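Here is the structure we will look at.
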């Protein structure tokens, strides 16, 4: 085997590695997007809708914050995959150029997107963790509130607001018994006078 043939084989092997990585990233992009958005957003929205509706919830902004964090996770995961695909393309272009110029393929290939991948992955990871913590806090606080009878109170307030039952009289207001006695005495006087 000649050196030229060995170099060509090395070139093809290295190029194939990056092509395979790019292909697998592209294929998993849709799967990851559906998985992340389906599990995080779908679960949390259904959970909030069925278990702790936002109108009755304590600290509803925790749930909304978790949705924002999960959306950021999905967004930066997609950006990370896109940067990874572009990085592999740049690596392949560098390998192609080295082959055409008959030089050795460098051990360390460089891409302007490689740092972006790390940043996007870091942001996505921490956004997911923050979203998870916010959702757990929301569920825990509302579970404690519900176990103490918090949902019954909010249900009563809702019924009063809908006009189904009249609100109870305020506890702090004292009735003026004098005014009731005056109106009762007027009624008695009217009846006695023949009215």
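How far is it, in nm, from the label point at residue 133 to the one at residue 147 when both lie 7 Å from their Cα along the line to the Cβ?
Going by the 7 Å Cα→Cβ label model, 2.3 nm.
Determine, from the Cβ-Cβ distance of residue 171 and residue 68 and an R0 of 41 Å, the FRET efficiency 1/(1 + (r/R0)^6), rounded to the nearest 0.05.
E between residue 171 and residue 68, to the nearest 0.05, is 0.50.
Any chance you could run the full-extension gain for residue 20 through residue 3? It's 0.36 nm times the residue separation minus the Cα-Cα distance, nm to one decimal.
The span from residue 20 to residue 3 would gain 3.6 nm if fully extended.
Using the beta-carbon distance between residue 13 and residue 126 and R0 = 35 Å, what value does 1/(1 + (r/R0)^6) give for FRET efficiency, to the nearest 0.05?
0.45
For the range 59-142, how big is the tail of P(r) above 20 Å, as a whole percent of Cα pairs?
Above the 20 Å cut-off, the range 59-142 has 51 percent of its Cα pairs.
If the label point is 7 Å along Cα→Cβ of residue 119, which residues in the range 39-78 have backbone nitrogen under 12 Å from it?
none
Values in this text are rule-based calculations from the coordinates and carry no lab data. Given the structure is predicted, the values throughout are model-derived calculations rather than measurements. Heads up, the Cβs are rebuilt from the backbone with ideal geometry, glycines too, and the neighbour counts pull from every protein chain shown.
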